[in-house]
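Q: Got a structure here, written out as structure tokens. Questions coming.
Coordinate-derived values only; no laboratory data. Not measured: the values here are computed from a predicted model. Glycine gets a Cβ as well: all are built from the backbone with ideal geometry, and neighbour counts include every protein chain shown.
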Amino acid sequence: MPRMILASNRLPVTINIDAENGRQILTHSIGGLVAGLKPLQENSDALWVGCPGVTPNEGTRRKLSERNLVPVDVDAEEYRQYYDGYANSAIWPLFHYLTELSSFSSEQFVAYRNVNLRFAEVIAQLARPGDTVWVHDYHLMLLPRMLRKMSLDVSIGFFLHIPFPADETFRILPHRVEILRGLLGADLIGMHTYEYTDHYLRSVRRVLGIEARQGKIQMRSHSARVEAHPLGIDVRAMGNNSRSPEAESYLTQMKRTVGDRQVMLGVDRLDYTKGLLLKLRAVKRLFERSPRWADRMLYIQLAVPTREGVDAYQNLKREVEQRVSEINGVYGSPIRSPINYLYQTVGPAQLGALYRLADVCFVSPIRDGLNLVAKEYVACREDGGGVLVLSEFAGAVSELGEALRVNPWDIEGTARQLERALDMGFGERNERMSPMRSRMIQNDVHVWVKRFIASLGNPDEPVSRVPPMVQSSVLAETLSGEFSVAGKALLMLDYDGSLREFVNRFEDAEPSENIIELLTQMGSLDGVRVFINSGRDHRNLDKWFGEYPVDMIAEHGAWIRTRENPEWNTLGELQTSWKPDVAEILRNYEERTPGTRVEDKETALVWHYREADEEMGNWQAMELTSLLETSLRNEPVEVLHGNRVVEVRQQGNTKAKAYDHVVERFGPFDFALATGDDRTDEDLFNHVKNEIYTVKIGPGSSAANVALSSPSALRDLLWAMLQQKKSLR
Ligand code: ADQ
């Protein structure tokens with residue numbers, strides 16, 4: 001049986017020496033990476049390779065082996081040079097944009113390389129053909145290439161838990177070539193956000209001169225893909241911990257002590273990237289603005305000790321303590337302090353109870369790869385209450401859009417958001433918390449592992465995944481270069497829900513002036529073909545777009561009209577004998593359900609229920625879909641339950657087929673982009689795989705490369721690409 005071998009700097013347990021009897025004891029390691037991977041290892045026979053803290057004695061080795069943990073022995077001085085040195089004094093600060101804290105030494109880099117090599121040797125002894133080796137984080141960035149060179153016949157995955165900085169910053173690293181090449185040894189490189197993957201690919205292009213196509217870098221030995229897979233958390237375990245009898249008893253005790261005060265909570269490793277000093281300034285500003293909060297709120301800040309061997313961390317502890325006592329000195333009384341600062345690690349039950357207790361969770365890193373605390377808080381709020389205040393510099397912000405966003409450097413703005421959070425009523429708290437919680441449940445750590453491993457194992461298999469949501473400006477930067485220089489470019493744009501927002505009545509979704517202007521300018525560019533690729537009736541498209549320089553595909557690939565020829569042509573044979581029977585069924589539902597309507601297209605019939613009562617409409621739609629599926633089993637049709645529509649359409653017409661037709665007739669294209677928002681667009685996304693750029697509009701799972709939040713974000717993207725192409729002429 002092929003196995004999984006995880007590799008990370010630290011094992012999920014650390015060996016400590018008991019001060020009284022000198023015996024070795026195992027304690028759980030704290031931190032984001034361990035929290036993420038522990039569920040994977042505990043529930044399988046996966047091996048975990050890592051450093052245990054000190055050299056284990058025989059007894060400890062046995063205990064580790066019982067838990068499938070494999071220690072990598074590293075000499076203490078070499079470990080210091082590698083861990084405190086290169087990993088945490090060069091890579092960590094630089095990758096968090098703290099250039100002034102970064103120091104680079106060749107000696108430390110040699111230690112870094114040696115430790116990576118020790119990992120490679122240990123893994124080589126364990127690995128069997130067909131195994132998967134999954135390497136984690138910035139301590140081991142040379143390891144994928146070392147493993148590749150050993151020709152072990154294993155798949156190699158890599159995941160970076162911290163940000164990958166913009167190329168301007170990354171280029172500072174004196175060993176940048178080795179680090180970039182190190183990662184390229186992997187088959188799949190995962191990062192938390194699309195932005196980080198984009199940064200990596202830009203650095204590969206700029207530093208190594210290697211071009212990626214669709215996030216894929218082809219090398220002689222293999223190809224390396226770079227993908228965004230934001231880490232999820234173990235929502236079920238978090239829930240269990242926060243509801244355990246131990247947690248309940250903590251909660252009762254704490255509630256009694258806190259009384260009628262609101263609680264604001266901070267949980268961070270004591271790391272300069274977590275923005276603790278700025279957080280304290282914002283809290284102080286809150287008290288200055290509204291002194292009442294000093295009495296009505298308790299700010300509990302937990303800080304877990306970390307990297308005490310690195311110089312930059314030593315002063316931080318002192319400074320934080322000093323600030324806390326200053327604020328407590330001004331705003332506290334002999335029996336009540338507004339800030340309760342604890343320099344300690346707490347267990348899972350107590351942490352869960354604190355998350356449940358906190359009215360506000362204040363997460364404000366100046367830069368963070370993702371940030372699990374924000375997700376943990378959301379996961380524990382089963383009551384739908386609580387407010388998350390979240391820094392816009394945490395990677396998690398792209399999945400937690402309903403949080404109150406802050407720029408940690410803007411002290412005034414942050415204090416204002418804290419006050420808004422404290423003042424917020426349950427209704428709004430719930431409206432914001434509930435969708436975030438559903439997202440955490442849907443994309444928990446188990447789904448994360450499954451998606452990463454599925455993608456690693458079957459790069460070409462369509463997997464159900466949620467593409468990373470990106471800002472149009474970021475995507476425009478990625479696409480504009482290629483689009484601008486392309487001699488022949490193709491834009492395949494779905495209309496409803498993609499280029500144009502949905503409206504209640506489908507016939508009212510006329511293109512706005514902005515859309516017409518955009519399409520006209522785009523379609524007038526030399527070498528650019530713009531296809532409206534829609535499910536709409538061809539007569540309808542004709543009416544709206546007939547006079548503009550665009551091409552059209554109607555009824556999900558059944559009809560085509562090019563701008564050179566105003567005639568519509570079918571892309572396959574028309575078969576419509578099924579229509580009268582289906583029309584009768586749909587009319588029946590139209591009569592029975594107020595606010596619904598039937599649309600008659602040449603190759604399809606659609607029952608629209610956007611204007612119907614939501615619950616009633618959904619119910620009828622489910623019933624209708626299942627009735628149609630059963631009764632039309634032997635007909636040449638497909639039944640689609642789309643975005644508040646149930647559509648029956650002639651089989652065989654798909655947007656994917658239409659795309660092939662376009663490429664054959666007008667291609668090949670140097671650049672192609674397809675966008676869409678529903679199942680009919682997924683046909684196309686799955687079909688083209690990674691050959692062209694694909695963008696899903698709106699949230700949810702999709703085979704597209706990336707997602708944009710809304711039609712207006714798509715229009716912004718297209719405008720930006722247009723301007724860029726024009727400016728180069
Ligand atoms: P970290 O920098 O360690 O992780 P974070 O994601 O917040 O940051 O994870 C911290 C973990 O430690 C959380 O699970 C939290 O509950 C726990 N923790 C913190 N303080 C604690 C305390 N006092 N007592 C008990 N537990 C405590 C790195 C990256 C992040 C990325 C993760 C995962 O820096 O950006 O989110 O990896 O990829």
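Q: Using amide H atoms built 1.01 Å from N in the peptide plane, name the residues 5+ places from Met469, or on other chains, whose amide H lies under 5 Å from its own.
A: Here the answer is Ala707, since their amide H atoms fall under 5 Å of that of Met469.
Q: Restricting to the chain, what percent of DSSP beta bridges are antiparallel, rounded to 5?
A: 30
Q: Further question on the same structure: Find the relative contact order for the stretch 215-355 and round it to a whole percent, using C-alpha pairs within less than 8 Å whose residues are 6+ positions apart.
A: 32
Q: For a quick check of your reading of the filter: which trypsin sites (Lys or Arg not before Pro) in the stretch 1-110 sit in a DSSP loop and have no more than 15 other Cβ atoms within 10 Å?
A: Passing sites in the stretch 1-110 are Arg23, Arg67.
Q: Take every DSSP beta bridge whose two residues both sit in the stretch 636-729, then give the antiparallel share in percent to the nearest 5.
A: 40
Q: Could you tell me which residue out of Gly266, Ile327, Ala658 lies farthest along the dipole of the chain toward its positive end? Charges go on the beta carbon: Lys and Arg +1, Asp and Glu -1, centred on the Cα centre.
A: Looking along the dipole axis, the top candidate is Ile327.
Q: Okay, moving on. Near Lys375, which lysines are there with a Cα under 24 Å away, not counting those fewer than 8 places off in the same chain?
A: Those lysines meeting the cut-off are Lys38, Lys255, Lys274, Lys279, Lys450.
Q: Still on this structure, please answer the following. Considering the alpha-carbon set of the chain alone, what are its Rg and its Dmax in angstrom?
A: Answer for the chain, Rg first and Dmax second: 28.4, 90 Å.
Q: Averaging sequence separations of C-alpha pairs under 8 Å and six or more residues apart, then dividing by the length of the chain, give the relative contact order as a whole percent.
A: 10
Q: If you don't mind, another one. So what are the ³J(HN,Hα) numbers for the stretch 326-335, from phi and the Karplus equation (6.51, -1.76, 1.60; θ = phi - 60°), rounded to whole Hz, Gly and Pro as x?
A: Residue by residue, the stretch 326-335 yields 4, 5, 4, x, 7, 9, x, 10, x, 10 Hz.
Q: Can you compute the charge dipole magnitude of the chain about its Cα centre, using +1 on each Lys and Arg Cβ and -1 on each Asp and Glu Cβ, nothing else charged? Give it in debye, rounded to the nearest 20.
A: The dipole magnitude comes to about 2140 debye.
Q: Which of the trypsin sites (Lys or Arg not before Pro) found in the stretch 626-714 are in a DSSP loop and have at most 15 neighbouring Cβ atoms, other than their own, within 10 Å?
A: Within the stretch 626-714, the qualifying trypsin sites (Lys or Arg not before Pro) (loop, at most 15 other Cβ atoms within 10 Å) are Arg633, Lys689.
Q: Also: Suppose a student asked you for the relative contact order of the stretch 155-196, using Cα pairs under 8 Å spaced at least 6 residues apart; what percent would you report?
A: Once divided by the residue count of the stretch 155-196, the mean separation gives 68 percent.
Q: Turning to a different aspect of this structure: What is the antiparallel percent of DSSP beta bridges lying wholly in the stretch 136-280, to the nearest 5?
A: 35
Q: Amide H neighbours of Ile210 under 5 Å, counting only residues 5+ apart in sequence or on other chains, H built in-plane at 1.01 Å?
A: Arg205
Q: If you line up the Cα atoms of the stretch 293-450 on their principal axes, what length do they span on each, largest first, in Å?
A: If we take the Cα atoms of the stretch 293-450, the spans are 45, 40, 32 Å.
Q: Still on this structure, please answer the following. Let me see the P(r) profile for the stretch 452-563: every Cα-Cα distance counted, bins of 10 Å, each bin given as a percent of all pairs.
A: Distribution as computed: 12, 35, 32, 17, 3 percent.
Q: Please report, largest first and rounded to whole Å, the three semi-axes of the ellipsoid equivalent to the stretch 522-588, where each semi-axis is the square root of five times an eigenvalue of the C-alpha gyration tensor.
A: Calculated on Cα positions only, the semi-axes equal 29, 12, 9 Å.
Q: If amide hydrogens are placed 1.01 Å from N in the peptide plane, which non-local residues have theirs closer than 5 Å to the one on Leu270?
A: Val304, Thr306
Q: When the helix-only estimate is applied to the chain (DSSP H runs of n ≥ 4, each -39,500 (n - 2.57), divided by the residue count), what is the mean residue ellipticity at 222 nm, nearest 500 deg cm²/dmol?
A: Helix contribution divided over all residues of the chain: -13000 deg cm²/dmol.
Q: To one decimal place, what Kirkwood hydrodynamic radius in Å is obtained for the stretch 533-675 from all pairs of distinct Cα atoms?
A: When all Cα pairs of the stretch 533-675 are included, the Kirkwood radius is 16.3 Å.
Q: Which of rounded, prolate or oblate describes the stretch 659-729 when judged by the alpha-carbon gyration tensor and an a/c cut-off of 1.5?
A: Judged from the Cα gyration tensor, the stretch 659-729 comes out oblate (a/c at least 1.5, b/c at or above a/b).
Q: From the backbone phi of the stretch 600-617, what are the Karplus-calculated ³J(HN,Hα) couplings (6.51 cos²θ - 1.76 cosθ + 1.60, θ = phi - 60°) in whole Hz, Gly and Pro given as x?
A: 10, 9, 4, 10, 7, 10, 10, 9, 9, 10, 4, 8, 7, 4, 4, 5, 4, x
Q: Sticking with this structure for a sec: Please work out the Cα center distance from the stretch 618-637 to the stretch 16-73, rounded to the nearest Å.
A: After rounding, the separation between the Cα centres reads 55 Å.
Q: Report the one residue of Ala454, Ala489, Ala476 whose Cα lies farthest in the direction of the positive end of the charge dipole of the stretch 409-494 (charges on C-beta: Lys and Arg +1, Asp and Glu -1; origin at the Cα centre).
A: Checked the options; the winner is Ala454.
Q: Please sort by residue number the GluC sites (Glu not before Pro) in the stretch 193-271 whose DSSP state is loop and whose Cβ has at most 12 other Cβ atoms within 10 Å.
A: Glu211
Q: In addition: How large is ³J(HN,Hα) for each residue in the stretch 50-66, as worked out from phi by the Karplus curve 6.51 cos²θ - 1.76 cosθ + 1.60 (θ = phi - 60°), to whole Hz, x for Gly and Pro?
A: Along the stretch 50-66, the couplings run x, 8, x, x, 10, 5, x, 7, 4, x, 5, 4, 5, 4, 5, 5, 4 Hz.
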